[in-house]
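The values are calculated or read from the model by the stated rules, or taken from the named source; none is laboratory data. Fair warning: this is a prediction, and the values are worked out from it, not measured in the lab. Virtual Cβ from ideal backbone geometry, glycine too; neighbours counted across all protein chains shown. We work out accessible area using only protein heavy atoms, side chains counted, and drop any ligands, DNA or RNA first. Shrake-Rupley method; radii C 1.70, N 1.55, O 1.52, S 1.80 Å.
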Amino acid sequence: MDAFLAILIAVVTVTVLGILIGTALVAASNKYHVETDPREEKVRNNLPGNNCGACGFAGCDAVAAAIAAGKAPADACPICSQEALDKISEVMGVAAKEVIPMEAYVHCAGTCGHVSQKINYVGIQDCRAAVLSGISIWECDYGCVGLGTCVKECPYNAISVKDGVAIVNSKRCVGCGKCAAVCPKGLISLERKDKKVAVRCSNPNKGTAVKNVCSVGCLGCSICTKKCPTGAIYMNGNTPMINYSKCIGCGTCADVCPRGIINRFDN
Amino acid sequence: MSRMTFKGGTHPNDQKQFARDNAFVHYLPKGEMVFPINQHIGKSANPIVKKGDAVLAGQVIAEADGFVSSNIISSCSGTVKEVELRQTAAGTMAMSIVIDNDGKYNQVDGIGKETDYSKLSGSEIISKVKAAGIVGLGGAGFPTHVKLSPKNPAGIHHILANGAECEPFITCDDRLMREYSDDIVKGMEILLTLFPTAEGDIVIEKNKPEAIEAMKKACAASPMSDKIKVYPVKTKYPQGGERSIISVVTGNHYKSTQLPADAGCIVDNVSTIRAIYRAVAFNEPLMEKGFTISGDCLKQPTNFFTRIGVSYQELFDECGGCAEGKEAAKLISGGPMMGMAMANLEVPVQKAHNALTVLGVDEVASVPTTACLRCGRCNAACPLGLIPQYMADAAVRKDLARYENDLYGLECIACGSCTYVCPAKRPLVQYFKTAKAEILLERKKQQEAK
């Protein structure tokens, strides 16, 4: 009988305590209720949720709050899909913009076999620190340093250094642009995912100056600009640039390039 | 008074034995001369010559752009070959005026004629210094006429001639003090007439007894001998740093955002002071300077007294190159503590350059970096009382707010004492230089956003 009483007392005590605390919590939650924008949650649900920080805010929650509050445009997330942006724009009541899927592209092809090493660098294994020390590790002053600062920065594990040059895995890259922001040589740019051709060199010099340092670098001969049927290639100094809105993807430029520095893509 | 040294610092082997007893070799370059237009702190000069122009030695070829800037003077006669981007010793490309040297060294009229400067007013002296293109020759390249125009001239109580030359291997200031001691004292007299309330101190490390002796003799012969003193200090690195030298002589300290004038001092390298004397008394613009080539694998370490603009390679060849059976493993513009490693020697000697150090394989054997041992030697070695141990930690973790605000990382002068003493061989200075560059870049971005 004693045991039964003890159990009963315990059950009653816990039940009463539970009811009391529950009531207190409900009261507190009503009293300290914070008004939130219902749109914020809807926006947040349509964001990718990687918390990569490419938008410049502290993760997806922060950018959702900023979009809902009107402090950031509806397309603040640079890696949003078209579907998600449509929904966010609908929530915010603005016209949806067209999303062009982008990816990072490294404009250097100077791997170890093509460019020789100039100095023996033993300092911090970080491209920015190496560039600050003044001299270039490789013969080409404009090429990839190859110490992998972009690799450490990429939240999607989409970039790697292979044979001394960074290379982007197009399947994984979402085009957040964080690698482009840290590259001290400015070699990485965001290009359209559906591009058919791209120039893989950034050396602003011409002719022998390039030939002396790299066996594949662009010589600035500008034959690609002359052969392009739509005039989509133009010279920026001695480096060819492609205007993708004019490019029809015929690949003539890649065929005529004497150095084979214009890459073709099959996508 | 009578402090001997500053807090912290380190004692690297001074390695002066290689070149200290070799008198200046007066060398007139034969090859082409290159003059970058940004050899100083401040705005780049504006080139006023173009390709094909004939120039004379001593002619202004690029004019100072604004107050904190400096004239660039041709140190040879010939024709302008090109105005183009050329590589500098720091590894960067800089717009440079290239002159095809005709080897005649025809000078502009009026250079080298002794003039009576005792009647000149202060502003006339300063404008002469400005016209001569004189900048700090010790290494920083700060325009001297700016230094000589402080906001509060009456507050200057010390003029320090920096002859410490604490960087290992370099001996050109030592030779200059031995061979041109009278010129330096006369330059000091000129500075003291500009600042009548100040006293002059010639600060020399005790590992240069001959220079101390020579300067003492020259001071005694001076009409201002009561105001000019030789101040021997302990041999310790970085004794020649502006902040170290001021704290030793006056006991004053100042922040990185301030100038020595805020601590009541003007600090000039001894070779700058000689250049001031030559400019004021002989109308001679800054064309020549001492330049040491030293190192353990050289055939003949040499102190050159040569023209600014000559290529490192020409001087290296002139002194005979490496000794037989030895090979250079590392080339440094400047000394081993603060100098910049170089990849090739086809770069010009600039106003603020004073040495080429050529080190053999044994000297530069690289030791792998290990984790921090928490021994605290770097903290004891920092001449500014910073905590390199924590600073490196913050820099590695990219905690730049802590680096800047809690640890005062921007005060670091990158002297390299911490890296020198680190038993784990951590590249501390490189961490700090990178962190500082990132902070300054961030600031610039924020300013542009505003």
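Compared with the direct C-alpha span, the chain from A:K246 to A:T36 gains 71.0 nm at full extension, assuming 0.36 nm per residue. A DSSP coil position with no more than 14 other Cβ atoms inside 10 Å describes the following trypsin sites (Lys or Arg not before Pro) in the range B:239-278: B:K255. To the nearest 0.05, how large is the calculated FRET efficiency for B:Q258 and B:H11 if R₀ is 25 Å and r is the Cβ-Cβ distance? After rounding, the FRET efficiency stands at 0.30. Sparsely packed loop sites in the range A:1-94 (the chymotrypsin sites (Phe, Trp or Tyr not before Pro) outside DSSP H, G, I, E and B with at most 14 other Cβ atoms within 10 Å) comprise A:Y32. With N the number of residues in the range B:23-134, Rg(Cα) / (2.2 N^0.38 Å) evaluates to 1.14. Using the Cβ-Cβ distance between B:N152 and B:D53 with R0 set to 60 Å, the FRET efficiency works out to roughly 0.90.
For the segment A:119-132, counting C-beta atoms of other chains within 10 Å of every residue's C-beta and taking the mean gives 5.
Karplus-derived 3J(HN,Hα) values for the range B:123-139, using 6.51 cos²θ - 1.76 cosθ + 1.60 with θ = phi - 60°, are 5, 5, 5, 5, 5, 5, 4, 5, 5, 6, x, 7, 10, x, 8, x, x Hz; glycine and proline are entered as x. Between the C-alpha center of the range A:1-55 and that of the range B:257-303 there is a gap of 74 Å.
Shielding by partners for peptide B:433-444, expressed as the average number of C-beta atoms from other protein chains within 10 Å of each residue's C-beta, is 2.
For the range B:257-303, place one equal point scatterer on every Cα, skip the solvent, and apply the Debye formula. What is log10 of I(q)/I(0) at q = 0.18, 0.31 Å⁻¹? Result of the Debye calculation: -0.75, -1.05.
Calculated [222 nm] ellipticity per residue, helices only, for the protein assembly as shown: -8500 deg cm²/dmol; basis is -39500 (n - 2.57) per DSSP H run with n ≥ 4, divided by all residues, nearest 500. Projected onto its three principal axes, the C-alpha set of chain B covers 63, 55, 50 Å, listed from the longest axis down.
Which value, in Å³ per residue, describes the convex hull spanned by the Cα atoms of the protein assembly as shown? Don't skip to the answer; put the middle values down first.
Working: hull volume 180.4 nm³, N = 717.
Roughly 252 Å³ of hull volume per residue.
Stokes-Einstein diffusion of chain A at 10 °C, 1.306 mPa s viscosity, Kirkwood radius from Cα pairs, rounded to a whole number: 71 µm²/s. The range B:359-402 and the range B:222-250 have Cα centres spaced 29 Å apart.
Of all aspartates and glutamates in the structure, those lying under 14 Å Cα to Cα from B:K119, and not within fewer than 8 positions of it along the same chain, are B:E189.
Among the protein heavy atoms of the range A:88-176, carbon and sulfur supply 53% of the accessible surface, probe 1.4 Å, non-protein parts ignored.
Taking the Cα centre as origin and putting +1 on Lys and Arg beta-carbons and -1 on Asp and Glu beta-carbons, what dipole magnitude results for the range A:168-220, to the nearest 20 debye? Present the calculation step by step, with values, prior to reporting the outcome.
Values: 11 positive and 2 negative charges, 33 e Å.
Charge dipole, the range A:168-220, about its Cα centre: 160 debye, nearest 20.
Taking every pair of alpha-carbon atoms in the range B:200-327, give the share separated by more than 17 Å as a whole percent. I get 71 percent for the Cα pairs in the range B:200-327 exceeding 17 Å.
Stretching the chain fully between B:S225 and B:C322 yields a gain of 30.5 nm (0.36 nm per residue, less the alpha carbon separation).
Relative to its residue count, the range B:373-450 spans a Cα convex hull of 79 Å³ per residue. Restricting the range B:354-450 to GluC sites (Glu not before Pro) that sit in a DSSP loop and have at most 16 other Cβ atoms within 10 Å of their own Cβ leaves B:E363.
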